[in-house]
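Peer 1: Got a structure for you, questions after.
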Amino acid sequence: MGKERPPPTPWSLTAYRAAAGLISPLAGSVLKARARRGKEDAERLRERLGHASLDRPAGPLVWMHAVSVGESLSLLPLIGALRAERPHLAILVTSGTQASAEILARRLPAGALHQYAPVDTPGAVRRFLRHWRPDAGLFVESELWPNLILAARRAGVRLGLISARMTQKSAGRWSARPAAVRAMLGSFELILAQDMATEQRLTSLGGAVTGRLNLKRVGEPLPYDADELADLTAVLAGRRVVVAASTHATEEALIADAVAGLSPRPLTIIVPRHPELSGAIGRELAGHRFAVRSTGEAIEPETDVYLADTLGEVGLFLRLADVAVMGGGFARGVGGHNPLEPARLGVGVISGPHVANFADIYAEMVDAGGALIAEDGPALSRALAGVFEAPARLEALRRAAADFAARQGDQLGAALDLLRPLLPAA
């Protein structure tokens, strides 16, 4: 596939571009206000307006865009594979959240750079593209920004939408603007859907889906600090551990209450999705004896809950777990989080029922015996009691989770085969 002349822009997208241009003088003030509320990186606001803070490396450059932490981390296996195959290929990763920027700063390999994504105004997009001049652009999951996508296509960037995910609700919204979504999806030379439902939705909206890829199915085990692991293992001295990973509001107390009914009571380690909300979480845990990691409080024999309100340490705490309770499944509207993160470490998984974002993975893991679904707090308490009271059941859950995770790695090689025609020549 070569660089083809883009089709005419629908009037709705022309109107969107004009409106975005009219409000663009306000973008700086809006970003500063968000920074004061802790929602933007105050030191890097200019990146959001398209002003690069880094020089562009010489030679071909592939740009990858993800919105937040989960999507950004899902790119790491692909980045690693591309760097191994093409070590002189520069890679730029853009994302929109501070948490993703902090984690990518630690996890990106040499030769890969991070910048905040520009806001979707014509000026910010133009400045971004003029500086970075990407040869190819890979958008992850569901980031459909009209000005960014159409301007990149007009600039000759070869675009792919990979690990694409679209909910029924999003598809319904886009179906009200058929010409607009058809123009955006038509800008992608390659679309790889996560699952059959997304493929059907994208196809119905005019997208040409060419294959399947779910980046959240592939990847290496999360990193950890070996010295910290040794220290915490010594402190726990064989005590059972339940890790509640990527929890959201109300889930922390629900999970802690569910564990409280077990005897002997395991230690609950809570790793919240938003550690900046540690104070509010602490208030919800007022009925439990808890220690807070960010303030240096130690785990004592009488500690019921350890609030691990730090970034980038999920891999450390999952390595201490007998079983993982994944957050996002007991909170409506979140859609669950990736059960393969604990599974890659041989840790069995329990989740609540609201896992729409990972429905296929959870269904397969439950069938394989590596995950359990609990409808509510009392059901979670019963599920935990069931695995802790029967060591053979706990071991079977862990083994099935590990085996399921090991079977997921073959997707990456197939995806690379599909991506190579989109990449700049070696």
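Peer 1: Pull out all pairs, ordered by first then second residue, where Cβ-Cβ is under 8 Å, the residues are six or more apart or on different chains, the first lies in segment 209-237 and is more than 21 Å from E300 (Cβ to Cβ), and the second is open to solvent by 60 Å² or more (accessible area, probe 1.4 Å) and of a type in the set (A, V, I, L, M, F, W, C).
Peer 2: T210/L418; G211/L418; L213/L418
Peer 1: List the number of the failed condition for A20; all other conditions in (1) surrounded by 15 or more Cβ atoms within 10 Å (Cβ to Cβ); (2) outside any helix (DSSP H, G or I) hold.
Peer 2: For A20, the exception is condition (2).
Peer 1: Working carefully through the options I79, I91, find the one that is in contact with a helix residue (DSSP H, G or I) (Cβ under 9 Å, 6 or more places away or on another chain) and either of a type outside the set (A, V, I, L, M) or touching a residue at least 12 places away in the same chain (Cβ under 8 Å) (or both).
Peer 2: I91
Peer 1: If a residue has to be within 30 Å of T198 (Cα to Cα) and open to solvent by 10 Å² or more (accessible area, probe 1.4 Å) to count, how many in segment 359-396 make the cut?
Peer 2: Residues that pass the stated criteria total 12.
Peer 1: If you don't mind, there's one more thing I want to ask. Filter segment 198-228 for residues that are open to solvent by less than 40 Å² (accessible area, probe 1.4 Å) and not in a loop (DSSP other than H, G, I, E, B) and give the result.
Peer 2: T198, L202, G211, L215, K216, R217
Peer 1: Report whether or not L144 is at pLDDT below 90 and over 18 Å from V62 (Cβ atoms).
Peer 2: The answer is yes for L144.
Peer 1: If I go through segment 28-53 residue by residue, how many of them are assigned to a loop (DSSP other than H, G, I, E, B) and under 11 Å from Y116 (Cα atoms)?
Peer 2: The qualifying residues number 7.
Peer 1: Checking S351 against (1) free of Cβ contacts under 8 Å to residues at least 12 places away in the same chain; (2) open to solvent by less than 30 Å² (accessible area, probe 1.4 Å), which single condition isn't satisfied?
Peer 2: (1)
Peer 1: Can you name the residue in segment 180-197 that is assigned to a helix (DSSP H, G or I) and open to solvent by less than 20 Å² (accessible area, probe 1.4 Å) and, of all such residues, is farthest from L423 (Cα to Cα)?
Peer 2: Among those that are assigned to a helix (DSSP H, G or I) and open to solvent by less than 20 Å² (accessible area, probe 1.4 Å), it is A180.
Peer 1: Can you tell me how many residues in segment 23-60 are of a type in the set (V, I, T) and surrounded by 15 or more Cβ atoms within 10 Å (Cβ to Cβ)?
Peer 2: So the count comes out to 0.
The values are calculated or read from the model by the stated rules, or taken from the named source; none is laboratory data. What you see is a predicted model, and the numbers here were worked out from it, not measured in a lab. Here Cβ is always computed from backbone atoms with ideal geometry, including for glycine, and neighbour counts include all displayed protein chains. All accessible areas refer to the heavy atoms of the entire protein, side chains included, with ligands and DNA or RNA removed. Shrake-Rupley method; radii C 1.70, N 1.55, O 1.52, S 1.80 Å.
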